[in-house]
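Where a number appears in this text, it was derived from the coordinates with a stated rule and is not lab data. Everything numeric here is computed off the predicted structure, so don't read it as measured data. As a convention, Cβ positions derive from the backbone with ideal geometry for all residues, glycine included, and neighbour counts pool all protein chains shown.
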Amino acid sequence: MNDQWKQDPRLKAMNPEKIRFLEDFAAQLSGTPKDQVLTRFIAMSSEAQRRNISFSKQETTLLTDILISHMDPAVKSRLNLVRGMLK
């Protein structure tokens with residue numbers, strides 16, 4: 001994934017500390033082998049808790065929408081299918 005998600009104007013309303021956290025998270029994920037992504041995600045989740053960073057439901061939905069919009073169409077389709085099943 002590239003850094004285009006950072007240009008989304010809807011992020012301007014988000015706390016800059018949260019955006020920095022997301023940028024760090026994205027940078028760490030970009031160099032993580034696929035079989036270690038879940039481990040990295042859990043570690044970053046713990047780090048967010050340690051730093052008292054949490055995302056509201058609206059922020060989570062926004063971030064998901066932004067990230068999905070920049071995914072490969074095949075991956076996007078599968079993810080949207082899973083999201084639909086979870087609703």
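Between (1) 14.3, 49; (2) 12.0, 34; (3) 13.4, 35, which entry matches Rg and Dmax of the Cα atoms in Å as derived from the coordinates of this structure? Checked against the structure: label (3).
Taking A43, A27, A13 in turn, the Gaussian network model of the chain (Cα-Cα springs below 10 Å) assigns the largest fluctuation to A13. List the GluC sites (Glu not before Pro) in segment 22-87 that DSSP assigns to loop (not H, G, I, E or B) and whose Cβ has at most 15 other Cβ atoms within 10 Å. Which are they? Here no loop site has a sparse enough neighbourhood.
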